[in-house]
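The values are calculated or read from the model by the stated rules, or taken from the named source; none is laboratory data. This one's a predicted model, so the numbers in the text were calculated from it and none came from an experiment. Here Cβ is always computed from backbone atoms with ideal geometry, including for glycine, and neighbour counts include all displayed protein chains. With ligands, DNA and RNA removed, areas are computed over all heavy atoms of the protein, side chains included. Shrake-Rupley method; radii C 1.70, N 1.55, O 1.52, S 1.80 Å.
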Amino acid sequence: LSDTELSRLAELGRAVEGFYREPRDVEWALLGGTFLLLQARPITTGSAAERDAVRADVIADVRRLADPGGTVWVRYNLSEVLPEPTPMTWAVVSRLLAADGGFGAMNRDLGAAPDPALGSLSAFDLIAGRPMCNLARMPRMQFARAPFEYPFAALKADPRKALDPKPVLAPWRAGLLRLKPTVFADLAWQTLAEKLKPALGEAGAHAAVGELALGAKPPVDADFADGVRRFAAGELDRDRFLRLFGHRCRNEMELSQPRWSEDPAAVARLAVKAGGPRPVGFEGVDAWPEIKQRGKLSDADRPDVDRLRTYLGLREAAKHTLLLGYAVVRRALVELDRRFALNGGVFFLVPAELDRLLAGDDLSATISGRRKRRQLELS
């Protein structure tokens, strides 16, 4: 749909809501440039009053989570790999990302010093059921007074810039020389993009860095993309593929998502899809010579490409290993779900409630309430 058509469709939706005095599920068609209204059904996940109550709660959460100096939340980074987490997944991920959790420990190991005032908070908040990066808090995950900040006024003036937010240096703050170890892959990506912008423009520069990144190679036992390719080509048999990559899957940061080892049909579909036509340049052709010429780079810039590929490979290997632990957590949760006949409800609990479940408490009302709340928030 064009922007004009989207605008007209939004007007139709507002007219339906105005007529019924509450939001509706709408079915529509576009025929010969004319929008046709086919159905307008009541939303069964909650009444208008319930939706208004949830909206008010979300607004209150936003105000509570905001930094006194201002905050911008963006759909960025984690949002791409974990778009709509269940309560159990969010509880586990929140602990991992917390300043006093795994992510904070990693930053301290790399020479940073996360703001101790953050405690169990991270750089991400769950806003209306979706993880959003809190740009006021992101720098504090590295230093209490980090040597960089995000230009909130510019982002609020042009929200499109928040699709790929860029920090600005604040060199008057301490820690500038210790910044780089905490942002390896992103820094390497941005360094190359900045060098390519004069010749290729912003969009062209990021596309070119994406091509260069195709040369990133994690260790062979952690190279999921190559493993899928080898499986589709018959170079890996099914058992070997599942031993190496059975703990992976689509939407794999979500604990309620079945792993490849649990879903034979999905593995079969994966092989068929991976066996289709390959993109030009996929078979190991190095994009560097062509981009070097087109982007007006020199041999002195090649180490930046090598660093980018090294860090991206290591990042993929780390994710692969993290997901081995994820699979163990999921296995335990699935077993609890089966024993207590929860029909997937275990993923709407949080870890602290599992003791109550094992003790025999009836948590069906809790699960039902959270299912409905999540549907309302996501709507």
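Can you find, among LEU82, ALA128, VAL72, the residue sitting farthest towards the positive end of the charge dipole of segment 54-175, where Lys and Arg contribute +1 and Asp and Glu -1 at Cβ?
VAL72
Please give the per residue accessible area of segment 225-368, computed with a probe of 1.4 Å over protein heavy atoms only, in Å².
Heavy-atom SASA per residue in segment 225-368 reads 57 Å².
If I model a spin label at ALA15 and THR191 as a point 7 Å from the Cα along the Cα→Cβ vector, what separation in nanometres do I get?
Taking the two extended label points, one gets 5.7 nm.
Find out how many positive minus negative residues lie around LEU126, taking Lys and Arg as positive, Asp and Glu as negative, among other residues whose Cβ is under 11 Å from that of LEU126. Walk me through the intermediate numbers first.
Numbers: positive: ARG130, ARG374; negative: ASP61, GLU84, ASP125, GLU377.
Computed value for this residue: -2.
If only Cα atoms are counted, what is the Rg of segment 1-71, and what is its Dmax, in Å?
Reported Rg and Dmax, both Å: 16.7, 51.
Using Cα positions and a limit of under 17 Å, work out the aspartates and glutamates in reach of LYS197, with same-chain residues fewer than 8 apart set aside.
ASP164, ASP186, GLU211, GLU290, ASP301, ASP304
Mind ranking ASP304, ASP362 by accessible surface for me, highest first, 1.4 Å probe?
Sorted by accessible area, descending: ASP362, ASP304.
Long-range amide H contacts for PHE124: which residues qualify at under 5 Å (H placed 1.01 Å from N, peptide plane, sequence gap of 5 or more or a different chain)?
ASN134
Among [x] 1.13; [y] 1.20; [z] 1.42, which is the computed Cα Rg over 2.2 N^0.38 Å?
Of the listed options [x] 1.13; [y] 1.20; [z] 1.42, [x] comes from this structure.
Would you mind computing, in nm to one decimal, how far apart the modelled labels at ARG243 and ALA300 are, each placed 7 Å from Cα along Cα→Cβ?
Calculated label separation equals 5.0 nm.
Magnitude of the Cβ-charge dipole of segment 36-110, K/R +1 and D/E -1, about the Cα centre, nearest 20 debye?
140 debye
What ranking do 85-94, 234-243 get when scored by the average of other Cβ atoms within 10 Å per residue, highest first?
Output ranking for 85-94, 234-243: 85-94, 234-243.
LEU192: accessible area at probe 1.4 Å, nearest 10 Å²?
About 0 Å², rounded to the nearest 10.
Hey, rough spin-label estimate for ALA352 and SER368, points 7 angstrom out along Cα→Cβ, what's it come to in nanometres?
In this crude label model, ALA352 to SER368 measures out at 2.4 nm.
If you place +1 on the Cβ of every Lys and Arg and -1 on the Cβ of every Asp and Glu, how big does the dipole about the Cα centre of segment 282-326 come out, in debye to the nearest 20?
With Lys and Arg at +1 and Asp and Glu at -1, about 180 debye.
Measure off, as a whole percent, the carbon and sulfur share of the 1.4 Å-probe accessible area of the chain, all protein chains present.
Carbon-and-sulfur percentage of accessible area, whole number: 57.
Mean Kyte-Doolittle hydropathy of 0.0 or higher plus an axial Cα length of 20 Å or more: which whole DSSP H helices in the chain meet both?
Helices meeting the span and hydropathy rule in the chain are 184-213.
Work out the FRET efficiency for LEU36 and LEU314 from their Cβ-Cβ distance, taking R0 = 41 Å, and round it to the nearest 0.05.
0.20
Counting each DSSP H run of 4 or more residues in the chain as -39500 (n - 2.57), what helix-only mean residue ellipticity at 222 nm follows after dividing by all residues, to the nearest 500 deg cm²/dmol?
-16000 deg cm²/dmol
Roughly how many Å² is the accessible area per residue of segment 101-141, as a whole number, for a 1.4 Å probe?
36 Å²
Provide Rg over Rh for segment 19-129; use the alpha carbon set for both Rg and the Kirkwood Rh (inverse mean inverse pair distance).
That ratio is 1.14, to two decimals.
About its Cα centre, how strong a charge dipole does the chain have in debye, to the nearest 20, once Lys and Arg get +1 and Asp and Glu get -1 at the Cβ?
My answer is approximately 280 debye.
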